[in-house]
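See below for the structure under consideration.
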Amino acid sequence: MKTLKELADLIGGTVVGDGDAEIHRVAGIDSAKPGEITFLANPKYLPLLKTTQASAVMVTPGVEAPGVSLLVCPNPYLAFAKVLTALHVAKPEYRGIMEGAYVDPEAKIADGVTIHPGCVIGKNVSVGSGTTLYPGVLLYDNVTVGEDCLIHAGTVVREGCRLGNRVIVQPKAVIGSDGFGFAPDGSSYFKIPQVGIVVIEDDVEIGANSCLDRAALGETRIGRGTKIDNLVQIAHNVKIGADSIIVSQVGIAGSTEIGKHCTLGGQVGVAGHIKVGDNTMVGAQSGVTGNMPGGEVISGTPAIPHRDWLKAATSFSKLPEMRKEIKKLKKQVEELQELTKEG
Amino acid sequence: MKTLKELADLIGGTVVGDGDAEIHRVAGIDSAKPGEITFLANPKYLPLLKTTQASAVMVTPGVEAPGVSLLVCPNPYLAFAKVLTALHVAKPEYRGIMEGAYVDPEAKIADGVTIHPGCVIGKNVSVGSGTTLYPGVLLYDNVTVGEDCLIHAGTVVREGCRLGNRVIVQPKAVIGSDGFGFAPDGSSYFKIPQVGIVVIEDDVEIGANSCLDRAALGETRIGRGTKIDNLVQIAHNVKIGADSIIVSQVGIAGSTEIGKHCTLGGQVGVAGHIKVGDNTMVGAQSGVTGNMPGGEVISGTPAIPHRDWLKAATSFSKLPEMRKEIKKLKKQVEELQELTKEG
Amino acid sequence: MKTLKELADLIGGTVVGDGDAEIHRVAGIDSAKPGEITFLANPKYLPLLKTTQASAVMVTPGVEAPGVSLLVCPNPYLAFAKVLTALHVAKPEYRGIMEGAYVDPEAKIADGVTIHPGCVIGKNVSVGSGTTLYPGVLLYDNVTVGEDCLIHAGTVVREGCRLGNRVIVQPKAVIGSDGFGFAPDGSSYFKIPQVGIVVIEDDVEIGANSCLDRAALGETRIGRGTKIDNLVQIAHNVKIGADSIIVSQVGIAGSTEIGKHCTLGGQVGVAGHIKVGDNTMVGAQSGVTGNMPGGEVISGTPAIPHRDWLKAATSFSKLPEMRKEIKKLKKQVEELQELTKEG
């Protein structure tokens, strides 16, 4: 529980109304009850301010609502995230190395680390203080995990890969699987050993069942603060810059570089050996097949400027009609040609 | 083993031929041997009735086949499923809490539950009678699993999520991973805590390596009887109605509602915050970007009525030819314009 | 460490320069240092031969580079793979059945098998000599794994499935999950038991988090030497021939047959119950909806010859312009028709 004043201090906002109101939980604006705080980021929900039972509402400057306490702040969505964290998120309970965890005697486990049952920790693994390994986390030899990480159940990190500080991994992600590399050898394929690693920088989040392949040689690298959703494929030697957003089921082929502040929509595919510049936004299901300069919004396969794609996609269903029209025009022009000839 | 008469009683069918024939197994019509039963759902395989060595064949009324015992029923495909279940499916052997399973002392495990080695069961977890947890199932604190469920190896269910009765989960599904929500905070992103849960209603099946994200606030919910295939992504706060079919590699973005009796084909993407009405069928690889009223068959990206999409997709390869034709027409029309001017 | 002469013997190449040079590692041509070998497969990197610090470079016949030792061979990329294997890949350390592994007393484990902690091995499982099961591998009853396999952490193989020799499975693949089969039963669905198996032939590699469903009846089968990337979905009763390449996030629907030496690009979808002939190449993100004769390069949804697709895809963005042109032509032709009528 916190008072409205305390929450205002936390998020750098101003109270209009009862600063001593006790706030226990965050809730949606239509379901919130007394003791709860909610937020209004979209003007279309303004009428709900009159009927909400919430004890307080986070709003942008200028919103008025007689009878309701307001927490005024420039970015209510960000404030919502911060208040939610303050009221609802507890650090995982410290439990040490629990029974049923197998930790190699040569592993270096810092103080304050929790390792749940079913975890298997290899030789020379290093885990930083404050990190929690949920059940069934499997770390191969020589893996490094930084401080204050949350590694959820069933995650696998293969040999030699390195995770920074405050990294969050959702359940069952795979970090460091072999890249997909084979040299044709007559009619069969010869496996190219994948002897590089994966490096995950600080503050990265990786989604459930996502796969990050180790480099053939060198590194696959995910930049600081980048967030990767579920079921994403990152191939060997890919580099992603800082603060990029990779939505679910995206696939990025080998050796491609994605810049900073990029957003790849769901199910996007990116070809191998290309560069996608900073601040590129790619629409869902698109296929990026060549270098992109950065700063663009693109869509489609192959991806083109989003605005052009939207227009073309709208025209797509008119194709059969267009063919009929062209056929008719051809006939009409032929008739006109006949007529003029005759003339 | 069952007699043909017993199987007829089971599926509500009629025997034409030897009701005492002993049936041991189900097999395909071209490989079946004496002692085996097969089925004929597609008329194009009728000629095989003359050569099959099966002891009996499940057929629709009206099919005749001298010399072969028939099990006549309105829906041979459904009958096949029921006979297969009767002859081939045994309830998993009851083995109790096995050595190598870690069960928190505060978990409530009903009688008749089997928990294999490598399972880790958290605090206040509740597991209903008749449920089997295969090896390596990891249940976080406060998870509820109903009765007669089959939870296959390596499945993870995160804190507080609830599974109904007779739920089947294929290996390594993830239920309750964090939704993908981040508030922009200058150039970086601030994680929005995902404090809701996932609710799986009765008789749902979930495929291998599929991911169902917990809600930000409230619930992600999968309706009774809905079947989800492998590698499917269900984002936070998605609701799916009863008896829908979600084929492999589909992705459904946040807060979207899918109705009852819908079918989403393989690799379909559905945008966030939209409603797809009951009885909608979506063709494979389509992208659904707006609300759908229900009762339609749609395809393409953005999805349009399937019939229109088929015609447009067929015309797609004619695009270069169409461009040439338009160019030629323009030239011809210009010439005609010149001629008429001159005239 | 090996001498350059030893490596030449290994790959069937010729030394030009110092055959006694000691080679410790493989590196990229721009980062290689003394003691390291690199390779040149692409002529565009020829200038780097002058500046590389590598002790030797693998090149095709005809390349000259005064001052650098060369290892001349017909296929430097294949040679690179073989040298990398010789210098960097050690057989996993033999460790036997480790503490924390649960092996059913009725399992048949050959000599020389390593089973890490967290593995659970069911009844009548058979594991061939030289095979390594990394932590958390879960083998259901009656599974067979051949000799010299590497089964990475968290892989699940369900009951009765069979893996050949020298099979490599990346972390968390699922082999033998139930196929997705349900018979409509009024408004709900009745599960069709999936009583077949999966057979993986020799020298196959399977990617992280990929799913191979067991057959309804009979077998799902992956041919000798075929390589499957991460997050791939193989549905029930699919057959894939020898030496095919299935790139990440591909989905192949039920009962489809893929021939030998095929390549399916990333995110490709293949419909059910079709045949794709030998030596077919399918471009990334394509949808194959009908039988393919083999020997073709195809792309798009539905897939057409790649060359045609490329042309059509390039024209796609011109659709709005084409519509305008057609509209204009219609008007012009109408005017011409008026004129000629008047005339």
Flag if residue C:146 is small (Gly, Ala, Ser) and within 24 Å of residue B:85 (Cα to Cα)
no
Can you say whether residue B:78 is within 21 Å of residue A:170 (Cβ to Cβ), touching a strand residue (DSSP E or B) at 6+ places or on another chain (Cβ under 6 Å) and hydrophobic (A, V, I, L, M, F, W, C), as far as the supplied structure shows?
no
Pick from segment C:176-194, criterion in contact with a Pro (Cβ under 9 Å, 6 or more places away or on another chain) and either among the β-branched types (Val, Ile, Thr) or part of a loop (DSSP other than H, G, I, E, B) (or both), ranking: nearest to the other protein chains (Cβ to nearest Cβ)
C:178
Strands (runs of 3 or more DSSP E) contained entirely in segment C:1-64, each with at least 1 residues that are small (Gly, Ala, Ser)
C:56-59
Go through segment B:255-286 and give me each residue that's under 17 Å from residue B:231 (Cα atoms) and of a type in the set (Gly, Ala, Ser).
B:265, B:266, B:269, B:284, B:286
Quick one: in segment B:321-342, of everything that is within 8 Å of chain A (Cβ to nearest Cβ) and polar (S, T, N, Q), which residue is farthest from residue C:314 (Cα to Cα)?
B:340
I'd like to check something: does segment B:122-142 contain any residue that is in a loop (DSSP other than H, G, I, E, B), of a type in the set (Phe, Trp, Tyr) and either within 23 Å of the chain's Cα centre (by Cα) or assigned by TED's automatic domain parsing to the domain that holds residue B:28 (or both)?
yes
Filtering segment C:160-175 down to residues that are in a loop (DSSP other than H, G, I, E, B) and over 19 Å from the mean Cα position of the chain (by Cα), which residue is surrounded by the most Cβ atoms within 10 Å (Cβ to Cβ)?
C:161
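Rundown of residues vs (1) in contact with an Asp or Glu (Cβ under 9 Å, 6 or more places away or on another chain); (2) closer than 19 Å to residue C:133 by Cβ, yes/no style:
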site: A:124; (1), (2): yes, no
site: A:131; (1), (2): yes, no
site: A:137; (1), (2): no, yes
site: A:151; (1), (2): no, no
site: A:161; (1), (2): no, no
site: A:172; (1), (2): no, yes
site: A:189; (1), (2): yes, no
Could you tell me which residue of segment A:88-102 is surrounded by the most Cβ atoms within 10 Å (Cβ to Cβ), considering only residues that are modelled with pLDDT under 95 and either among the aliphatic types (A, V, I, L, M) or part of a helix (DSSP H, G or I) (or both)?
A:88
All but one of (1) assigned by TED's automatic domain parsing to the domain that holds residue A:246; (2) free of Cβ contacts under 8 Å to residues at least 24 places away in the same chain; (3) β-branched (Val, Ile, Thr) hold for residue A:301; state the number of the condition that does not hold.
(2)
Output the residues belonging to segment A:106-115 that are within 20 Å of residue C:119 (Cβ to Cβ) and in a loop (DSSP other than H, G, I, E, B).
A:107
Out of (1) buried (at least 23 other Cβ atoms within 10 Å of the Cβ); (2) within 12 Å of chain B (Cβ to nearest Cβ); (3) more than 27 Å from the chain's Cα centre (by Cα), what's the single condition that is false for residue A:36?
(1)
Out of segment A:129-143, which residues are out of contact with any Cys (no Cβ under 6 Å at 6 or more places or on another chain) and crowded, with 20+ Cβ neighbours inside 10 Å?
A:130, A:132, A:134, A:135, A:136, A:138, A:139, A:140
Report, by residue number, each residue of segment A:246-263 that is closer than 21 Å to residue B:270 by Cβ and in contact with a Gly (Cβ under 9 Å, 6 or more places away or on another chain).
A:246, A:247, A:248, A:249, A:250, A:251
Residues in segment A:81-97 that are hydrophobic (A, V, I, L, M, F, W, C) and in contact with a helix residue (DSSP H, G or I) (Cβ under 9 Å, 6 or more places away or on another chain): how many?
3
When residue A:255 is evaluated against the numbered criteria (1) on the phi < 0 side of the Ramachandran plot; (2) at pLDDT 95 or above; (3) not charged (D, E, K, R), which criterion, by number, is the only one it fails?
(1)
Out of segment A:310-320, which residues are at the interface with another protein chain (Cβ under 7 Å from one of its Cβ atoms) and within 29 Å of the chain's Cα centre (by Cα)?
A:311, A:312, A:313
Single residue of segment B:66-84 satisfying the filter (closer than 12 Å to residue B:40 by Cβ and β-branched (Val, Ile, Thr)) that is farthest from the other protein chains (Cβ to nearest Cβ)
B:68
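The values are calculated or read from the model by the stated rules, or taken from the named source; none is laboratory data. Computed from a predicted model, the values in this text were never measured in an experiment. Using ideal geometry, Cβ is built from the backbone for each residue, glycine included, and neighbour counts are taken over all protein chains shown.
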